[in-house]
Amino acid sequence: MVFRCITIELLALLLYIMSEVYLPMKQLTPQIIAEITGGLYIGEDNMRNVRIAGAARDNRDVKPGNLFVCISGERTDGHLFANSAFKSGAACCLAEHPIPDAAGPYVLVDSTLESIRTVGAYYRSYFSLPVIGITGSVGKTTTKELIAAVLGIRFNILKTTGNLNNELGVPLTLLSLDERHEAAVIEMGISDFGEMSRLADMVRPDIFVITMIGYAHLKELGDLRGVLKAKTEAFSYMSPDGVAILNGDDELLRGYDPGMRKLTFGLGAQNDFCARNVCAQGSDAELCDIASDTGQFSVRIPAYGSHLAPLAAAAAAIGRLLGVSDEETSRGLSSYVPVGGRASLSDTGAIRLIDDCYNANPSSVKAALTSQSALSGRRVAILGDMLNLGPLSEQLHREIGVFAARCGVSCLLSCGAGASFIHEGYLSAGGYEALYFPDKDGLAAALPGIIKKGDAVLVKASRGMKFEDFLPMLRDIT
């Protein structure tokens, strides 16, 4: 009996060693990249089969073994930094035109953007781990972080970092996969028809989450039904065994049939995973119970914002699908850390500052104002233009002003061409302290005389407005 036990232990050890050392790695090489993209390999023959590990588009981010993707942009040409990437240890470059005096091998292709998508999709096919895709008009990054916090309790996960959620960022994320990962959480952002198809063709999600259908990118997508159509393109690239996780509080998503198993989340009792008894623990945390057909359990999310509770229910649904217990889900959610620029609340010693500068559309601005309304004291909202709203822009900006007044905003500071309608909407709904500034310089000059000690100050606008420029001066107010 003792001999048998020792044999089993030795066998287990041998299998582990083989899996770590002797089994073939999931390799990507310059030669493979040239073959799958139809590109031309240029370099020494002995470098054709060097192993590539990961990828980067910025030479400052290159790590040894990376593929450096040369992108020709409006401001600069990545090809100019190819040799700098080689100096940092890049194994190969992907280029659209010859690299003079190249210090390493490269694959010459017609389009680096199209080719990196091909490479990302090819590399993704190596892996059979669960992949969760996330999209929505608001809350994508927060939901990604909540899901990652839950799954991270049990699995070694890969998740999207930074803003790598587009047709360049997604393949770069996929190329970060390696043998250690047990699950992947991939954020997928779009602005036009067809983009989700291209993303989903790479990601091939097993589980797909849609947080909300809101007024975003209307210049390209037209209306809410256009937004729904664009985001749901992903379901054509999923297995019939896949699962759709949809916001059941959203009218369009509640009635949508994805053609596969569907679970809903939200605040309404009709949802499969419902956040109940939602309340703020000051400005430090959000508390709620998450209920499903197996009962309910309590969670504490250590961050600011009323938007967190329903998204935590989505994370709980995915945890359940992948075998994470309710206790583990609660523990995972308690480890959540918000990403900078997205509803991040800090106490400067003089004011409570809500940095929500990353981006803005009507849905996200309303969510930010709703969260701010739970804070005590004088509430100041510094709001700027919501870009890319097409013909509905004036109407939607006015509606934000009305909503701000109804949320009890004490003082509204509006800045930008579209924000003039926020100002008008606020006053029309009974708002009484409001100032409008056509440009940022005027607002910046006025801020020190307007903001008072003890204020709760929200800063939010579309990314193109660069309202993060106001943050340093607000932090310096005493």
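Measuring from a point 7 Å past the Cα of Leu392 along Cα-to-C-beta, which residues in the range 334-376 have an amide N at less than 14 Å?
What the label zone holds, given the 14 Å backbone N cut-off, is 361-366.
When semi-axes √(5λ) of the Cα gyration tensor in Å is calculated directly from the model, which label among (i) 50, 30, 18; (ii) 42, 24, 22; (iii) 41, 30, 21 fits?
From the options (i) 50, 30, 18; (ii) 42, 24, 22; (iii) 41, 30, 21, the structure gives (iii).
For Met202, Met47, what's the fewest-to-most ordering of other Cβ within 10 Å of each Cβ?
Numbers: Met202 26, Met47 16.
Arranged by neighbour count, lowest to highest, Met202, Met47 become Met47, Met202.
Relative to the present Cα-Cα distance, how much length would full extension add between His181 and Glu74 at 0.36 nm per residue of separation?
Details: separation 107, 0.36 × 107 = 38.52 nm, distance 3.54 nm.
Result for the pair: 35.0 nm of gain on full extension.
Taking only C-alpha pairs under 8 Å that are 6+ residues apart, what is the relative contact order of the chain in percent? Spell out each step's value before the answer.
Working: 1059 pairs, mean separation 48.9, N = 478.
The value is 10 percent.
Quote the charge dipole size of the chain about the Cα centre in Debye, to the nearest 20; the model charges only the Cβ of Lys and Arg (+1) and of Asp and Glu (-1).
On the way: 43 positive and 53 negative charges, 145 e Å.
Once rounded to the nearest 20, the dipole reads 700 debye.
Please compute the modelled spin-label separation between Val278 and Ile450, points set 7 Å along Cα→Cβ, answer in nm with one decimal.
About 2.9 nm, to one decimal.
Run the simple label-point estimate for Ala429 and Ser335 please: 7 Å along Cα→C-beta, distance reported in nm.
Result for the modelled spin labels: 4.0 nm.
Pop out the ³J(HN,Hα) list for the range 357-364 in order, Karplus 6.51 cos²θ - 1.76 cosθ + 1.60 with θ = phi - 60°, rounded to Hz; leave Gly and Pro as x.
Whole-Hz 3J(HN,Hα) from phi for the range 357-364: 7, 4, 6, 7, 9, x, 5, 6.
Taking Cα centroids, how far is the range 123-145 from the range 26-91 in Å?
Going from one Cα centre to the other spans 25 Å.
With label points built 7 Å along Cα→Cβ from the Cα atoms of Ser346 and Leu129, find their separation and express it in nm.
Reported label-point gap for Ser346 and Leu129 is 3.2 nm.
Quick note: the coordinates plus some simple rules give every number you see, no bench work behind them. Just so we're clear, the structure is a prediction, and the values are computed from it rather than from any experiment. Reconstructed Cβ throughout: ideal geometry from the backbone, glycine too, with neighbour counts over all protein chains shown.
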